[in-house]
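Working notes, structure below.
The values are calculated or read from the model by the stated rules, or taken from the named source; none is laboratory data. Not measured: the values here are computed from a predicted model. When we count neighbours, we look across all protein chains shown, and the Cβ atoms used for this are built from the backbone with ideal geometry, even at glycine.
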Amino acid sequence: MALLSSAAAPPSARRPTGPLLSFLLPSLRCSLNPSARISSALRREAPAKSLFLSSEVRYLRKRRGSPRGDVRTAASHLCEQERPAFERSFLSVGEAMSDDELWAAIRLRVRTFYNFNESYGIEDYKASLAKREFEGLKDRVAGKTMGFRKASCINATLPVSAYGGSIDELCSICKFSKKKGDRVVVGTLDINWCLQMPDELTGKRPEGLGADLTRAYLSNVCVAKELQRNGLGYALIGESKTVAHSWGITDLYVHVAVDNEAAQKLYNKSGFIYESEEPAWRARFLGRPRRYLLWTDLGKLS
């Protein structure tokens, strides 16, 4: 399994004025009553397609008359090539520790969630989007973004040497350097310690004063398409729960599109349950798929 989508944290606390790089938009569909709908969706078998566990793709919609060509979300994109195997003992999952690693994570998000028409200047356009999101992520991680007490980028990485020439393009785009050799980011997500995410459903737990002290949200969850369905998404979420718990977080949330059954299945396996859902009119107004808000209790972690 690979793409895991969740609410994507915005590059800044302000609403963007242009097509900012927002990642991980969910896509989900159902038509039962709220509780039956989500429980039914979570029990059904996940389709063999990419998952989106986030919510910021809305800022990268195609603009009328845009000289950059058609920018589309890669919500149902499938890698048709044979998936390379990897030795799990080489896998490392943890917080990004350098700007170089943050940049590699951003490059993976751009590569995973978007298809761009090949047109003049498109590479410059993608680079510009990546740079904006990179600066936003750095600010959130550094605690400089209003409304965010803290944020962390969790990455799944593998040594470049483990691949040979099987995934050269992924390695060249998502590579970063460490003392023990070059590694490649193959999965990523953000943990956002905040009361609410801009333009997203707000969690109800915990209640009362000081709720912002122990509530957090996941966003921008994705896995390289070549390595989907290898348990990387589950490993990323597991590590994020451990990190959030170490901060004192008791209630962890994630947003997922109502038609993204594969992502729902992953979150259910990871201990998330349905809390609320976005009204259709609001999703139309924001120009994105409608989404559920899922919750898990971190207070039970030992």
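Quick notes on this one:
- Only one entry in Thr188, Thr157, Thr145 is touching a residue at least 24 places away in the same chain (Cβ under 8 Å), polar (S, T, N, Q), out of contact with any His (no Cβ under 8 Å at 6 or more places or on another chain) and farther than 30 Å from Arg290 by Cα, namely Thr157.
- For first residues located in the range 276-293 and free of Cβ contacts under 8 Å to residues at least 60 places away in the same chain and closer than 16 Å to Met197 by Cβ, partners that are buried (at least 20 other Cβ atoms within 10 Å of the Cβ) and among the β-branched types (Val, Ile, Thr) and lie 6+ apart or on another chain with Cβ distances below 9 Å form the pairs Ala283/Val258.
- Entry remark, the range 124-149: residues being of a type in the set (Lys, Arg), in contact with a strand residue (DSSP E or B) (Cβ under 7 Å, 6 or more places away or on another chain) and not in a strand (DSSP E or B) number 2 in total.
- Criterion violated by Ser246 - all others in (1) in a strand (DSSP E or B); (2) surrounded by fewer than 18 Cβ atoms within 10 Å (Cβ to Cβ) satisfied: (1)
- Answer residue from the range 161-190, given it is of a type in the set (Val, Ile, Thr) and modelled with pLDDT of 85 or more and is nearest to the chain's Cα centre (by Cα) among those: Thr188
Condition check ((1) farther than 26 Å from Arg111 by Cβ; (2) of a type in the set (Lys, Arg)) across all residues:
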{"residue": "Glu239", "(1), (2)": "no, no"}
{"residue": "Ala257", "(1), (2)": "no, no"}
{"residue": "Asn260", "(1), (2)": "no, no"}
{"residue": "Tyr274", "(1), (2)": "yes, no"}
{"residue": "Arg282", "(1), (2)": "yes, yes"}
{"residue": "Phe285", "(1), (2)": "yes, no"}
{"residue": "Trp295", "(1), (2)": "yes, no"}
{"residue": "Leu298", "(1), (2)": "yes, no"}
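- Residue list for the range 202-232, restricted to those being within 18 Å of Asp297 (Cα to Cα), in contact (Cβ under 8 Å) with a residue 60 or more places away in the chain and surrounded by 21 or more Cβ atoms within 10 Å (Cβ to Cβ): Gly203, Tyr217, Leu218, Ser219
- If the condition is being assigned to a loop (DSSP other than H, G, I, E, B) and out of contact with any Ser or Thr (no Cβ under 9 Å at 6 or more places or on another chain), then the range 283-302 contributes Gly287, Arg290, Ser302.
- Residue match in the range 266-282 (condition: aromatic (Phe, Trp, Tyr), surrounded by fewer than 24 Cβ atoms within 10 Å (Cβ to Cβ) and not in a strand (DSSP E or B)): yes
Table: residues versus (1) of a type in the set (Asp, Glu); (2) modelled with pLDDT of 90 or more; (3) in a loop (DSSP other than H, G, I, E, B).
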{"position": "Glu200", "(1), (2), (3)": "yes, yes, yes"}
{"position": "Gly203", "(1), (2), (3)": "no, yes, yes"}
{"position": "Tyr217", "(1), (2), (3)": "no, yes, no"}
{"position": "Asn220", "(1), (2), (3)": "no, yes, no"}
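- Every listed requirement among (1) out of contact with any helix residue (DSSP H, G or I) (no Cβ under 8 Å at 6 or more places or on another chain); (2) farther than 13 Å from Ile191 by Cα; (3) surrounded by 21 or more Cβ atoms within 10 Å (Cβ to Cβ) is met by Val256 save one, (1).
- Residue match in the range 145-158 (condition: hydrophobic (A, V, I, L, M, F, W, C) and farther than 18 Å from Asp99 by Cα): yes
- Subset of the range 135-148 [in contact with a helix residue (DSSP H, G or I) (Cβ under 7 Å, 6 or more places away or on another chain) and surrounded by fewer than 19 Cβ atoms within 10 Å (Cβ to Cβ)]: Lys138
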